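Single-structure report; data block below.
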Amino acid sequence: MKKLFFLLAVLISAASVNAQDKDSIERKSTSIDSGNSLLKVNLLSLPLRNFSLAYEYKIGRKVTAGLGVRVMPKGGLPMRSSISNLIDDPDADRQLDNFKTGNVAFTPEIRFYMGKQAMRGFYLAPFARISSYTAEMPFEFDVNNTTQIIPLSGKLNTFTGGLLLGAQWKLGGKVYLDWWMLGPQYGSSDGTLDGKRALNLQEQQELRNQLQDIEIPFAETTTTVDANGARLDIKGPWAGLRAGLCLGIRF
């Protein structure tokens, strides 16, 4: 009987130590994951001269709210050589030589995590995006086999909404990896490109014809040319895809 009581005491003591160890591990894990904020940078956007930061804040057990900010300073087209290979049009390619563009975008979102807790695992995130693009280019047009140039510049504003599918993992300590797998978006655009220059009737007609050949995916364009210059109005639907790979710190 004494041996039985001794064995029970040993088992109870071992179970108590094991429970304490588990509690200690859980408390340590909770302490590491206790931060409600994540600040992230999109690594894939950096080679494209886009500086993209995202902030995420825990508002529920499996829900977070976030805001992304993307800035691309004005400059030449990223991946210029790849674009040249794709369009395979010497005239259009020449037009892009001095083309400069930049943009800024703000992206609020709400994330719903599918696992046991926020900020880890797969998620669905409805989002909105407000973007503003700038463009500047010396547009070349031919008149009687003579190349003429009119400087065009302007801005395009877009508003879109979409749904992002992604996954986020804890790499270790307070470091997280966030994969934006696929985020289709759709909305509207509105903008103008214009340039000032004195034009005779023939120059107006040739410029009008060549501006009307410009095609912007999804959007509609309206061309206005007179003796004082030209204007290209852009309005209509706008679509895109959101993707990225972010490295973040939780705090």
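Observations on the structure shown:
- Condition check for Asn98: modelled with pLDDT under 95 and either not aliphatic (A, V, I, L, M) or not in a strand (DSSP E or B) (or both): yes
- Qualifying residue in the stretch 27-36 (condition: modelled with pLDDT of 95 or more and surrounded by 11 or more Cβ atoms within 10 Å (Cβ to Cβ)): yes
- Scanning the stretch 200-217 for residues that are surrounded by 15 or more Cβ atoms within 10 Å (Cβ to Cβ) and either at positive phi or touching a residue at least 40 places away in the same chain (Cβ under 8 Å) (or both) returns Glu203, Glu206, Leu207, Gln210, Leu211.
- Top-ranked residue of the stretch 141-190 - restricted to ones that are assigned to a loop (DSSP other than H, G, I, E, B) and touching a residue at least 24 places away in the same chain (Cβ under 8 Å), ranked as nearest to Arg231 (Cα to Cα): Asn144
- Selection over the stretch 108-132 of residues that are in a strand (DSSP E or B) and over 13 Å from the mean Cα position of the chain (by Cα) gives a count of 10.
- Within the stretch 49-68, considering residues that are more than 22 Å from Gly121 (Cβ to Cβ) and under 11 Å from the mean Cα position of the chain (by Cα), the one modelled with the lowest pLDDT: Asn50
- Given (1) of a type outside the set (A, V, I, L, M); (2) part of a loop (DSSP other than H, G, I, E, B); (3) in contact with a helix residue (DSSP H, G or I) (Cβ under 6 Å, 6 or more places away or on another chain), number of the condition Thr223 does not satisfy: (2)
Every residue, every condition in (1) farther than 27 Å from Asn42 by Cα; (2) at pLDDT below 95; (3) of a type in the set (Phe, Trp, Tyr); (4) touching a Phe, Trp or Tyr at 6+ places or on another chain (Cβ under 9 Å), yes or no:
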{"position": "Ser189", "(1), (2), (3), (4)": "no, no, no, yes"}
{"position": "Gly195", "(1), (2), (3), (4)": "yes, no, no, yes"}
{"position": "Leu199", "(1), (2), (3), (4)": "yes, no, no, no"}
{"position": "Thr222", "(1), (2), (3), (4)": "yes, yes, no, no"}
{"position": "Gly229", "(1), (2), (3), (4)": "yes, no, no, no"}
{"position": "Ala239", "(1), (2), (3), (4)": "no, yes, no, yes"}
{"position": "Leu245", "(1), (2), (3), (4)": "no, no, no, yes"}
{"position": "Gly248", "(1), (2), (3), (4)": "no, no, no, yes"}
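The values are calculated or read from the model by the stated rules, or taken from the named source; none is laboratory data. Everything quoted here is computed from the prediction, not taken from an experiment. Here Cβ is always computed from backbone atoms with ideal geometry, including for glycine, and neighbour counts include all displayed protein chains.
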